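Below you'll find the structure, written out as structure tokens, and then a few comments.
Derivation of every value follows stated rules applied to the coordinates shown; laboratory data play no part. The structure presented is a predicted model; accordingly, all values stated were derived computationally and were not measured. Note that each Cβ is placed from the backbone with ideal geometry, even for glycine, and that neighbours are counted across all protein chains shown.
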Amino acid sequence: MLFVILWTVQLLAAQIDLVGRMNKLFSLNEANALIPQLRGLLARVRAERERMLEMKPELEKAQKAHSNDWGTPRGAEYIEILDAFQQVVKEIEGLGVLVKDLDVGLCDFPHKRDGRVVYLCWKLDEDEVSWWHDVDAGFAGRQPL
């Protein structure tokens, strides 16, 4: 019974946290102020992703041979890398920023424009946030501010 109560409290806390992040709306200045921090966080998450990709052939080999042995000697290292990757992604999401594409460092910032929620849109190779798009339009619908 105690387990069910604790699990329910954790679930509700996670839902409240998610609702709080989804309700964060950024001004253009707030979004631009986060760019230096985002550059560092994106560099970290991309580095961890590269480390995971480097291990992919070894992990695929271990997966194919799983009936003969119990994995790879580097399994603990992979879990550590995966954990570091997830922590950085959570840190970005905790800011209220939505990561859309790690390859180009594409991020969206919920923003209110003309009475409706849209996304301010920024890529890692851009100096500042200069674009926006409707929530359902995606990158292809980007328009200059």
For residue 100, distant residues with modelled amide H under 5 Å away: 106, 107, 108
Three-way shape call for the range 84-145 based on the alpha-carbon gyration tensor, with the a/c threshold at 1.5: prolate
Qualifying aspartates and glutamates (Cα of each under 16 Å from Cα of residue 112; at least 8 residues distant if same chain): 30, 134, 136
Ranked list, fewest to most other Cβ atoms within 10 Å of each Cβ, for 49, 116, 74: 116, 74, 49
Contour minus Cα-Cα distance for residue 35 and residue 134 (0.36 nm per residue): 33.6 nm
Label-point separation in nm, residue 86 to residue 123, each point 7 Å along Cα→Cβ: 3.1
Ranked list, fewest to most other Cβ atoms within 10 Å of each Cβ, for 133, 111: 133, 111
